[in-house]
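The values are calculated or read from the model by the stated rules, or taken from the named source; none is laboratory data. Note that this is a predicted model, so its numbers are computed, not measured. Cβ: placed from backbone, ideal geometry, glycine included. Neighbour counts: every protein chain shown.
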């Protein structure tokens, strides 16, 4: 790093800051709508947000939402949630979806109402009428938490959706005088390709209940899902079709069968059913329950949660659940501020998702059925994303039982796994092996360090150590041998070394609290392995070969899947030492050098085309990429070097450019709530840079007042006196009336309730929270 970068550039900073102070507008706070009414489920459904607008309840197993296109696997990225706001067609309404993921799957049990002629194939979306795909426009759409509605305009069918935890409920209004049909397609999937459906079944039972299942080999191979479906009016006719042509059924027909489509039960790989009902001019209600266990389990879930056909009651119950969940935060601010905050909070409460029947049974990664006694089983763990802020947020806004259940779910998965390790990226109980690290470890450690119990801490520590020592996984054997992952033996080696080191630090923290000094010492040493990736000659984190040499040639701007870094480059990954930022500063030669390099990241002129081959790297501010997780903590690092006012300025810059109240309002994938969790924390005024430390690094508040209604009954208020576009800097702060001169608050302080008050001003206060003793936790400083 040249001396030019080290020199202070206060004037340049002030010029940059003057250009970015307009974040949300100067409107004075006014009495807004409720938190529920403030949510806009369409935010994130356009661009790269990959969220869905459909109906679900907090952490529900059912995510009932429209699918606007079914793309082949190679094109599935942009439709990872099934819905894309720029589309004008709807294929149908399926019952399972990811929210904000960077990978596609699910889209199970697709229903589509039809009026008039029956069509069994989707057809071509560009050719209206060629199949059962229907046209729509956004003017007819309505979305609230737990509810979605749209008009299929070429058929004039009004479709409404709501949900309970395990049941999706549809209400269809057909045009008068036309035959009414409901199609179920077990062939379609998100992340679609020939042969994905391994086997499926459709059965019409004597009481009119339709049941079935399908097993797929998509992102998580061998995934089984069962369903049960009932109609509010008797079926007048049914058709069950196996559209697979190369292996027709060779057996004998059942008694009285005149047409194979009239069969009451079929099995195969390409099944579709059509169910006719009388069109008496009143709405038809269809309810569909899911089960990971069996068709009988799906029927039991249906009876337990939605015994009748009162659509409005289910919608009201969903609204009540969302109203309760969103009441975790009382926020004052402009309409736009509240829309963005409560929509972000809503997105953080969509997962992990429930994955067990109403009787507590669930299917594990061993494909066996297990019983959860005294806890609730969850799945959909995008841990590389969500350990950073999503899970820490849940420890604040959800009852402790939620995080306890998450930990028990992770431990159960490890017990049932053939590999004996904690999940990496799992959904519907199955491992996908996507992404890097063993990030179930910091989720468990963070919960334990915050005093969350209800799980066996000794078993948890054993599971964490076993996962960190599992040699066949992603270069761990070499990491344990050398202290780093060698790039000539394992791809993305620099990133893996850095992320393993952080996970190891969280193991050390938990081991120390459990009174296991030998384990704590071993993993504290491993937590320093980031130093093996640091190249003092260039100042970047780099990949080494087994011989110990940094790989050449080297260009810090290079990125690529399977390269030295995971979804990033040296500019982005060279900051990943959240457990020891003070040590990182020392490696750079001191705070001034660290600050200068941070400025170089944000202030660089970067052509976004350099990342055209990397769909995950979005939301650029210089080299900073807010659209992907490795950058999420970087703006807060200025506080570790004694200049929290620069953190405040960068957060203003990020919030202004990366979040908007429109469908394209997210700079990148929401990643199961991580992008939204960052927004919630940052809006409040602090962020968990190092989960497991029990500290939240102070940034700057964006609202005049926000109160956390904590599950323990306490209230913690954040007040920003005078906050506005022009007053975006912290002049001073108090905690419960006493001066706060440090750049962090602790989890314990928040849980105790009270008031964090900021006096905001127009210019930076370069003297607030600058001394080393006032800075957030760093491992090397703690060990001195």
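Which residue, of 501, 494, is touching a strand residue (DSSP E or B) at 6+ places or on another chain (Cβ under 9 Å), in contact (Cβ under 8 Å) with a residue 40 or more places away in the chain and part of a helix (DSSP H, G or I)?
Selected residue: 494, the only one of 501, 494 that is touching a strand residue (DSSP E or B) at 6+ places or on another chain (Cβ under 9 Å), in contact (Cβ under 8 Å) with a residue 40 or more places away in the chain and part of a helix (DSSP H, G or I).
Please list, ordered by first then second residue, the pairs with beta carbon atoms under 9 Å, 6 or more apart or interchain, first in region 745-764 and on the phi < 0 side of the Ramachandran plot and outside any strand (DSSP E or B), second at pLDDT below 95 and surrounded by fewer than 16 Cβ atoms within 10 Å (Cβ to Cβ).
What qualifies is 763/14; 764/10; 764/14.
Go through 53, 29, 41, 8 for me and flag whichever is touching a strand residue (DSSP E or B) at 6+ places or on another chain (Cβ under 7 Å), modelled with pLDDT under 50 and either surrounded by 12 or more Cβ atoms within 10 Å (Cβ to Cβ) or more than 20 Å from residue 660 (Cβ to Cβ) (or both).
29
Can you tell me how many residues within region 230-268 are part of a strand (DSSP E or B) and without any contact (Cβ under 8 Å) to a residue 60 or more places away in the chain?
Residues in region 230-268 being part of a strand (DSSP E or B) and without any contact (Cβ under 8 Å) to a residue 60 or more places away in the chain: 7 in total.
Among the residues of region 538-556, are any surrounded by fewer than 21 Cβ atoms within 10 Å (Cβ to Cβ), closer than 30 Å to residue 447 by Cα, out of contact with any helix residue (DSSP H, G or I) (no Cβ under 6 Å at 6 or more places or on another chain) and at pLDDT 95 or above?
No, every residue in region 538-556 fails to be surrounded by fewer than 21 Cβ atoms within 10 Å (Cβ to Cβ), closer than 30 Å to residue 447 by Cα, out of contact with any helix residue (DSSP H, G or I) (no Cβ under 6 Å at 6 or more places or on another chain) and at pLDDT 95 or above.
If residue 484 meets every condition in (1) touching a residue at least 60 places away in the same chain (Cβ under 8 Å); (2) in a helix (DSSP H, G or I); (3) within 15 Å of residue 436 (Cβ to Cβ) apart from one, which number is that one?
Only one criterion is unmet by residue 484, namely (2).
Among the numbered criteria (1) surrounded by 24 or more Cβ atoms within 10 Å (Cβ to Cβ); (2) in contact with a strand residue (DSSP E or B) (Cβ under 7 Å, 6 or more places away or on another chain); (3) in contact (Cβ under 8 Å) with a residue 60 or more places away in the chain, which single criterion is violated by residue 178?
Just one mismatch for residue 178, condition (1).
Would you confirm whether any residue within region 442-451 is over 18 Å from residue 779 (Cα atoms) and touching a strand residue (DSSP E or B) at 6+ places or on another chain (Cβ under 9 Å)?
The answer is yes; a qualifying residue exists.
When you look at residue 330, is it part of a strand (DSSP E or B), under 30 Å from residue 701 (Cβ atoms) and in contact (Cβ under 8 Å) with a residue 40 or more places away in the chain, yes or no?
In short, yes.
Going by what's in this entry, would residue 619 be described as in contact with a helix residue (DSSP H, G or I) (Cβ under 6 Å, 6 or more places away or on another chain) and buried (at least 19 other Cβ atoms within 10 Å of the Cβ)?
yes
Specify which of the listed residues (579, 674) is in a loop (DSSP other than H, G, I, E, B), in contact with a helix residue (DSSP H, G or I) (Cβ under 7 Å, 6 or more places away or on another chain) and in contact (Cβ under 8 Å) with a residue 24 or more places away in the chain.
579
Can you name the condition, by its number, that residue 412 falls short on among (1) outside any strand (DSSP E or B); (2) surrounded by 23 or more Cβ atoms within 10 Å (Cβ to Cβ); (3) touching a strand residue (DSSP E or B) at 6+ places or on another chain (Cβ under 8 Å)?
Status for residue 412: all satisfied but (2).
Residue by residue through region 424-450, note down the ones that are closer than 12 Å to residue 466 by Cα and part of a loop (DSSP other than H, G, I, E, B).
Correct list: 438 only.
Which of the residues belonging to region 135-182 are within 22 Å of residue 278 (Cα to Cα), out of contact with any helix residue (DSSP H, G or I) (no Cβ under 8 Å at 6 or more places or on another chain) and in a loop (DSSP other than H, G, I, E, B)?
154, 155, 156, 174, 175, 176, 177, 178, 179
Among the listed residues 191, 226, which satisfies the condition of being in contact (Cβ under 8 Å) with a residue 24 or more places away in the chain, surrounded by 21 or more Cβ atoms within 10 Å (Cβ to Cβ) and on the phi > 0 side of the Ramachandran plot?
After applying the criteria, what remains is 191.
Among the residues of region 677-702 satisfying the criterion of being out of contact with any helix residue (DSSP H, G or I) (no Cβ under 6 Å at 6 or more places or on another chain) and in a loop (DSSP other than H, G, I, E, B), which is nearest to residue 617 (Cα to Cα)?
690
I'd like the full set of residues that are in a loop (DSSP other than H, G, I, E, B), farther than 21 Å from residue 577 by Cβ and either over 20 Å from the mean Cα position of the chain (by Cα) or modelled with pLDDT under 95 (or both), limited to region 592-649.
Result: 605, 606, 607, 612, 613, 614, 615, 616.
Give the residues of region 513-533 that are more than 31 Å from the chain's Cα centre (by Cα), farther than 24 Å from residue 495 by Cα and surrounded by fewer than 18 Cβ atoms within 10 Å (Cβ to Cβ), sorted by residue number.
Across region 513-533, the qualifying residues are 515, 517, 518.
State yes or no: is residue 98 assigned to a loop (DSSP other than H, G, I, E, B) and under 21 Å from residue 41 (Cα atoms)?
When the stated conditions are applied, residue 98 passes them.
Which members of region 371-407 meet the condition of being surrounded by fewer than 19 Cβ atoms within 10 Å (Cβ to Cβ) and assigned to a strand (DSSP E or B)?
Within region 371-407, just 371 meets the criteria.
Residues in region 293-311: is at least one modelled with pLDDT of 95 or more, farther than 18 Å from residue 227 by Cα and buried (at least 21 other Cβ atoms within 10 Å of the Cβ)?
The answer is yes; a qualifying residue exists.
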